[in-house]
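The values are calculated or read from the model by the stated rules, or taken from the named source; none is laboratory data. Just so it is clear, the model here is predicted, and its values are computed rather than measured. So basically every Cβ, Gly included, is an ideal-geometry build from the backbone, and we count neighbours across all protein chains shown. With ligands, DNA and RNA removed, areas are computed over all heavy atoms of the protein, side chains included. Shrake-Rupley method; radii C 1.70, N 1.55, O 1.52, S 1.80 Å.
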Amino acid sequence: MAQAKAKAKPKSRAKAGAARHWTADIFDVLKRHNLKQVAYVPDTGQAPLIEACIRDNEIRAIPLTTEEEGIGVLAGAHLGGEEGALLLQSSGIGNCINMLGVPIECRMPLLMIVTMRGEWGEFNPWQLPMSQGTQAALEAVGVIVLRADSAERVGETVAAAAKMAFDAGRVVAVLIGQRVVGHKNWDR
Amino acid sequence: MANAKRITLDRRKVVARVLRDRGDALLITGLGAPSFDAMAAGDSLNNFYVWSGMGSAVPFGLGLACAQPGRRVLTVTGDGEMLMGLGSLATVAVQRPANFAVVVIDNQRYGETGGQLTHTEFGVDIPAMAKGAGFREVATVYTNAELEEAVPLILKGEGPVFVTVKVRPEPAKIVLPPRDGPMMRHRFRANLLGEG
Amino acid sequence: MAGRKAKAEELQRGAAVAAILKRRGDALVVTGIGNAVHDVAASGDVAENFYLSGIMGGAAMVGMGLALARPDRRVLVITGDGEMLAGIGSLATIGVEKVPNLAIVVIDNRAYAATGMQATHTARGVDLAGIAKASGFNHAVAVSDAAGLRAVVDDAYEKPGPYFAVLRVKSEGSPRVRVPADGTFTARRFRRALLGDEMNP
Ligand SMILES: Cc1ncc(C[n+]2csc(CCOP(=O)(O)OP(=O)(O)O)c2C)c(N)n1
Ligand SMILES: [Mg+2]
């Protein structure tokens, strides 16, 4: 879908001197695996990645009303011979748990890129319960969970997860720590 | 499609206008900017700001409206938050609370996460969905004149009432409401129920 | 309450689904959980059927992902009113994507037949076709008689999608038809038939 008005400007959060933002490393992995459908509910941390997917001509970026829809979309894509990824914030994991039964039972590949809210430096107490339970909830239903807690590790972690998802046919989530994403700016 | 009409309204002014004549109406706000809008219009013991649980603002208001049939109950939320809980429109319609109104501040964006376009930008018509679900009164507001017509509907019309107000996409300055849940729960109930 | 007293419905769900599937040609079919599985399987348990037997609210989205991946094939989602209600936001998501080869047929018995015939929201006036129309579907209809069904039998395959039809059927469940319960098996069988792919993960 063409989100014509989406801003092209990468987020300024990338450290000065570090030419590449960590989301660019994720994008490379998505392209390397020839992913065609990228479904998302936005998170601030992944905004540049979402924008890159919207701009890419080979990727269909699919906005969802709720995260669980993405599990279904990607199951259907796999049945039809395409692969994809789901981009979401950790709070959206709570919406996904039941639907994860589809790819797990059917042994379908699924790659979830999850940016954490509600941990490192979180100021909103309402975000804490879901974030503290995110990894446990995923593992409780049988999802393989990898974590990256520094920007330098994001690329290799997502690359490893993508191999496990698409080559070994498993449901894999990469949790990207809030330390990587940065604090939310509340003084806009 | 969705942009056939020009969008000129300012979200802060819209929410302030709706709340100006609220009287003792109870207010539930959806996470993010709609909560900031309500706070900017003035904190109140009759306000409860939901800081998480995207998609829960309408069911939250529904439960409150059913528990307090003698009071007007408003849910003010964003289009993104509303989209995540669309099924709740059907659930409200089944209960048909006459004292309940939902106001969606529709900037056609996920404002809090960087302004990504929502489904309403592509023509998804949430008021028409509310109509299909069975809301009694449904309106879409683009102008101040339409807003003036909608305010009595929101505050006094026989519910369930659903009003989408199309607002400009620029984010407004953040005005943080209280975020201590136990404190808010306590002050809201103490004020409403006189409980210690 | 609105819609409480529905007209006497003539449509019988098993026969209605059979009439639709008789014309399926090479269409791919996804079913939601509940009696829709039995309705579809009664016309033959073929490889091009995918039964979403365990999860409520996902059928429309599986259909959309499949339809986007295979624009050359018609994709039909056949599901119940309760299952559709559980994933109602997916109608908006389909409305944004404007998937031309996707059709959704909702078997509306106004009840959760699989769990004991409790009334669903459609028993109280919720209009699923109206919601689909509001979501941006190209066509959205509700039919409750033989003439209406005949139109759906053609339009579900021919109208440019996304296409949405509600079949208002007698308020009942369906005779049980056994289908493979193993999702790993049905998913691989489906992909082998569609993609000729023996070695997929
Ligand atoms: C389940 C879940 N998914 C995603 C988020 C991240 N999130 C927080 S606010 C928000 C956008 C809300 O948009 P909207 O309701 O339209 O309000 P606006 O800021 O545009 O007025 C999102 C996506 C979340 N908090 N919870
Ligand atoms: Mg918004």
Somewhere in the stretch A:77-93, is a residue over 13 Å from the mean Cα position of the chain (by Cα), over 16 Å from C:GLY65 (Cβ atoms), in a helix (DSSP H, G or I) and modelled with pLDDT of 95 or more?
no
Of a type in the set (Phe, Trp, Tyr) and within 16 Å of ligand 2 (Cβ to nearest atom), is that true of B:TYR110?
yes
Do you know which residues across the stretch A:43-66 are within 16 Å of ligand 1 (Cβ to nearest atom) and open to solvent by 10 Å² or more (accessible area, probe 1.4 Å)?
A:THR44, A:PRO48, A:GLU51, A:ILE54, A:THR66
Conditions (1) of a type in the set (Asp, Glu); (2) within 9 Å of another protein chain (Cβ to nearest Cβ); (3) under 16 Å from the mean Cα position of the chain (by Cα): number failed by A:GLU105
(3)
Out of C:ALA114, C:ALA146, C:ALA156, C:ALA134, I need the residue that is under 19 Å from C:ALA59 (Cβ atoms) and open to solvent by less than 50 Å² (accessible area, probe 1.4 Å). Which one?
C:ALA156
Got a sec? Which of B:VAL161, B:VAL167 is buried (at least 18 other Cβ atoms within 10 Å of the Cβ) and closer than 17 Å to B:VAL92 by Cα?
B:VAL161
Among the residues of the stretch B:66-86, is any crowded, with 20+ Cβ neighbours inside 10 Å, away from ligand 2 (no atom under 16 Å from the Cβ) and in a loop (DSSP other than H, G, I, E, B)?
yes
Which number in (1) within 13 Å of chain A (Cβ to nearest Cβ); (2) open to solvent by less than 60 Å² (accessible area, probe 1.4 Å); (3) touching a residue at least 40 places away in the same chain (Cβ under 8 Å); (4) farther than 30 Å from B:GLU121 by Cα marks the one condition that C:ARG188 misses?
(3)
Being more than 8 Å from ligand 1 (Cβ to nearest atom), more than 9 Å from chain C (Cβ to nearest Cβ), crowded, with 20+ Cβ neighbours inside 10 Å and not charged (D, E, K, R): is that true of B:VAL124 here?
no
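Per-residue answers, yes or no, for (1) without any contact (Cβ under 8 Å) to a residue 40 or more places away in the chain; (2) part of a strand (DSSP E or B); (3) open to solvent by 30 Å² or more (accessible area, probe 1.4 Å); (4) hydrophobic (A, V, I, L, M, F, W, C):
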site: B:SER35; (1), (2), (3), (4): no, no, no, no
site: B:MET39; (1), (2), (3), (4): no, no, yes, yes
site: B:LEU45; (1), (2), (3), (4): no, no, yes, yes
site: B:MET54; (1), (2), (3), (4): yes, no, yes, yes
site: B:PHE60; (1), (2), (3), (4): yes, no, yes, yes
With respect to A:PRO129, is the statement that it is within 16 Å of the chain's Cα centre (by Cα) and either more than 25 Å from C:GLY183 (Cα to Cα) or within 16 Å of ligand 2 (Cβ to nearest atom) (or both) true?
no
Exactly one of these conditions fails for A:GLU122: (1) closer than 26 Å to C:LEU68 by Cβ; (2) open to solvent by 30 Å² or more (accessible area, probe 1.4 Å); (3) in contact with a Leu (Cβ under 9 Å, 6 or more places away or on another chain); (4) touching a residue at least 24 places away in the same chain (Cβ under 8 Å). Give me its number.
(1)
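Hey, can you tell me all the residues within the stretch A:36-45 that are of a type in the set (A, V, I, L, M, F, W, C) and either within 16 Å of ligand 2 (Cβ to nearest atom) or touching a residue at least 60 places away in the same chain (Cβ under 8 Å) (or both)?
Within the stretch A:36-45, just A:VAL41 meets the criteria.
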Among the residues listed as B:GLY85, B:GLY115, B:GLY80, the single one being within 16 Å of ligand 1 (Cβ to nearest atom), at positive phi and modelled with pLDDT of 95 or more
B:GLY115
